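The values are calculated or read from the model by the stated rules, or taken from the named source; none is laboratory data. Predicted, not measured: the structure shown is a model, and the values here were computed from it. Glycine also receives a Cβ, built like all others from the backbone with ideal geometry; neighbour counts cover every protein chain displayed. What goes into the accessible areas is simple: the full protein's heavy atoms, side chains included, and nothing from ligands, DNA or RNA. Shrake-Rupley method; radii C 1.70, N 1.55, O 1.52, S 1.80 Å.
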Amino acid sequence: MDNIVEVRDLCVTFKTSEGSVYAVSNVNLDLAEGKTLALLGESGSGKSVTMKSLMRLHPPHKTQITGSIHVAGRDVLALGNRELSDLRGKDIAMVFQEPMLAFDPVFKVGDQIAEVVMRHEGCSYEAGRDRALEMMECVHIPSPRKRLDAYPHEMSGGMRQRAMIALALACRPTVLLADEPTTALDATVQIQVLLLLRELQREFGMSMIFVTHDVGVAIEVADEIAVMYGGRIVEQGPVDQVMTDPWHPYTQGLLGATVYPNMDPATRLVSIPGAPPQLYRQITECAFAPRCPHATDECHQPLPPPTQTDQRMARCIRLPEVAGALPRASVLPQ
Amino acid sequence: MTAFLQVEGLQKYFPIGKNFLGRPTQVVKAVEDVSFATERGKTLGIVGESGCGKSTTARLLMDLSPPDQGRITIDGQAYGKGAGRKPITALRKRMQMVFQDSYASLNARLTIEESIAFGPKINGASDREASTKARDLLDRVGLDPDNFIRRYPHELSGGQRQRVNIARALAIDPEIVILDEAVSALDKSVQAQVLNLLADLKAEFDLTYLFISHDLNVVQYVSDDVIVMYLGQVVESGPAQAMYSTPAHPYTAALLSALPALHPKDRKTRAPLEGDPPNPISPPSGCRFHPRCPFAEPMCAETVPPLADIGGGRHVACHMRVPGSGYPEVRPIVTVAPSPTA
């Protein structure tokens, strides 16, 4: 099997007091070894939910997951609790948006990294601390030996994020999941962390899934990009192709709504009218149709299978007609 | 000749920690000697990273926290405490603010109509006038009055709530609107709607904007002039297009080259700056940027660079740009090639 991650027909439903929330529907993902996939989407599009499913981090009694998830040849949905703990942090690790919440505030950073190594590799505390030091050096934390004994609150935002990356990579996972790891960082620090992730990925030969809402960040790190909307992947393909020739009207709208450097202040932004859908019912038709400038009656029928080529996929019934409509050309009505 | 809005020598130190006499042991120099001016109908952008004092500057202008020092004039009229100054309440009739958190900035117990009509009523409008005003403004910001006027903030989406906040800011016919990260929390597709709306409203009501954001692309798109702040001080100011094409301060240049690429072939290969912005409690001596500056010389750690005029309406606080400052060589301004648009 070439793919390190294979997700088939993943559906995630949450039970809430207000009814079921159909957060993710029919998601298929393939990630080749050593590659980076960016999940791009707005808030509520299901990108983080998809990612957390890969590690089964959702509360079990409130969540229904169907479909199949294979990571490094293992069937994640079939694992028991013990096997799941073996998987998490060892084969697959995660970096979160807010490192202050991911670290335990009352333990030293070095000890928290050592604990992971001790748990998964059964080594001594000293060996764990040695690995922690090595990892702190890997992520370029200045004076790493001193920082091993620092508490999370004693570090700056950028340094905490580096420490969390060190923690995630301590057991050399084959897959790294990064959930908006740079969103809370300042611009000059964000680019440092993005470059670091790229460097470490090369060094360790990891595969990476990167969740972001920022088109620029996706372009910086990803080989492949999957655009999510309303709990589904609406478009997927190599990053350069999707970004320069978007097929799906939502991707087109998203790119048109993004402010680029040196844009003429007189040009109006292409805005997508309306707001993203509520997922309190199972949406079988195109979730974007109510906001789509190209929508016709057929768009409100159940979705047909996606249009698939060798490298690319898009889910739009009117695809042949709308694929050529470039973002700037399709100025949507206000 | 004075500008329409003129701010001079704005300063705010926040005390933290007190000794047994109740005197502060440390201060955060949040805003130090910040001055700027803008003309009527223009947009002034303020950019900088977190902790640089851009939001504190906005709050000082509105007197949400009182400035330690500084002078604010609109059309030559000074506001604030002191002789010859009009009270802050008079300033707030001319200047209003929209905040980043659209939910926290609306009273959850008031309907949309009550929130928008609140300002006009305080300022002497009758209930009927205030209500008409609220309906007009809701319509103007793209929300159907019949549908929205009786709703509560929690019933609205983020984009809708931010439209309500804009309507509320406009309800007492201000001349200046401060937009403090007003579009930062919104999704891209909704952000574009609100930016378009802001451009329309500005033209229609002849507004002057102070647009505060950490997003350099958005600031460039909306602003006529931009000021760049770093650790409580202005490091560079001037017309937006000139500053973005030829940044004069090394920090401005670094911010611009830290922007993510627009095409995979333009990916960054190295970060322009190392490390994080320092703690504003004990900022570096001399030029506050010198520990991260690739061009720093020993003198940068000793002398605070003045905000010097470099022509073309531009000002920069960097020794390297000032002949006779003692910096070894006056360097030419680096030209950044315009990034190819996607």
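Quick look at the values:
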{"item": "Nearest-20 debye value, the protein assembly as shown charge dipole, Cβ charges on Lys, Arg, Asp, Glu", "result": "1340 debye"}
{"item": "Charge dipole of region A:144-242 about the Cα centre (unit charges at C-beta), most positive-ward option of A:Gln190, A:Leu167, A:Gly157", "result": "A:Leu167"}
{"item": "Student exercise, chain A dipole from Lys, Arg, Asp, Glu Cβ charges, in Debye to nearest 20", "result": "580 debye"}
{"item": "Highest-first arrangement of A:142-153, B:190-201, where packing means the average Cβ count within 10 Å", "result": "B:190-201, A:142-153"}
{"item": "Average beta-carbon neighbours from other chains, 10 Å sphere, peptide B:269-280", "result": "5"}
{"item": "Mean projection area, nm², convex hull over Cα of region A:99-172", "result": "4.1 nm²"}
{"item": "Selected from A:Gln112, A:Met55, A:Ser17, residue furthest toward positive end of dipole (region A:1-131; charges at beta carbon)", "result": "A:Ser17"}
{"item": "GluC sites (Glu not before Pro) within region A:1-57, DSSP loop, no more than 15 other Cβ atoms inside 10 Å", "result": "A:Glu18, A:Glu33"}
{"item": "Nearest-10 value in Å² for the accessible area of B:His214, using the 1.4 Å probe", "result": "100 Å²"}
{"item": "Chain A: DSSP helices with Cα axial extent of at least 24 Å and average Kyte-Doolittle hydropathy no lower than -1.0", "result": "A:187-204"}
{"item": "For A:Leu169, solvent-accessible area (1.4 Å; no DNA, RNA or ligand), Å²", "result": "0 Å²"}
{"item": "With eigenvalues of the C-alpha gyration tensor scaled by 5 and rooted, region B:5-223, Å", "result": "30, 20, 19"}
{"item": "Those residues of region B:9-50 for which accessible area with every protein chain present is at least 20 Å² below the isolated value (1.4 Å probe)", "result": "B:Glu49, B:Ser50"}
{"item": "Net charge dipole size for chain B [Lys, Arg +1 and Asp, Glu -1 on Cβ; Debye, nearest 20]", "result": "560 debye"}
{"item": "Helical contribution to [θ] at 222 nm, DSSP H n ≥ 4, -39,500 (n - 2.57), averaged over chain A, rounded to 500", "result": "-9000 deg cm²/dmol"}
{"item": "Selected from B:Gly70, B:Thr56, B:Phe20, residue furthest toward positive end of dipole (region B:1-91; charges at beta carbon)", "result": "B:Phe20"}
{"item": "Whole-Å distance, taken between Cα centres, linking region A:197-232 and region B:251-278", "result": "18 Å"}
{"item": "Peptide ranges A:81-92, A:303-314 listed from the most packed, as the mean C-beta count within 10 angstrom indicates", "result": "A:81-92, A:303-314"}
{"item": "Buried solvent-accessible surface, both chains (B, A), 1.4 Å probe, Å² to nearest 100", "result": "3800 Å²"}
{"item": "Heavy-atom accessible area order for B:Phe36, A:Phe14, largest first, 1.4 Å probe", "result": "A:Phe14, B:Phe36"}
{"item": "Cα→Cβ-extended label distance, 7 Å offset, between B:Asn19 and B:Phe205, nm", "result": "4.9 nm"}
{"item": "In Hz, Karplus ³J(HN,Hα) per residue of region B:225-234 (6.51, -1.76, 1.60; θ = phi - 60°; x = Gly, Pro)", "result": "10, 9, 10, 10, 10, 9, 6, x, 10, 7"}
{"item": "A:Glu134 accessible area, assembled protein chains, probe 1.4 Å, Å²", "result": "80 Å²"}
{"item": "Whole-percent carbon and sulfur share, accessible surface of region B:5-223, 1.4 Å", "result": "47 percent"}
{"item": "Cα centroid of region A:233-311 to Cα centroid of region B:92-149, whole Å", "result": "33 Å"}
{"item": "Rg/Rg_ref, region A:252-321, where Rg_ref = 2.2 N^0.38 Å and atoms are Cα", "result": "1.35"}
{"item": "Sequence of B:Phe295, B:Phe4 from largest to smallest accessible area, 1.4 Å probe", "result": "B:Phe295, B:Phe4"}
{"item": "Karplus-derived 3J(HN,Hα), 6.51/-1.76/1.60, for each residue of region B:212-223, Hz, glycine and proline x", "result": "9, 7, 9, 8, 5, 5, 5, 4, 4, 5, 9, 9"}
{"item": "Taking all pairs of distinct alpha-carbon atoms in the protein assembly as shown, Kirkwood radius in angstrom", "result": "27.1 Å"}
{"item": "Counted charge near A:Glu83, where neighbours are those whose Cβ lies closer than 15 Å (Asp, Glu -1; Lys, Arg +1)", "result": "+3"}
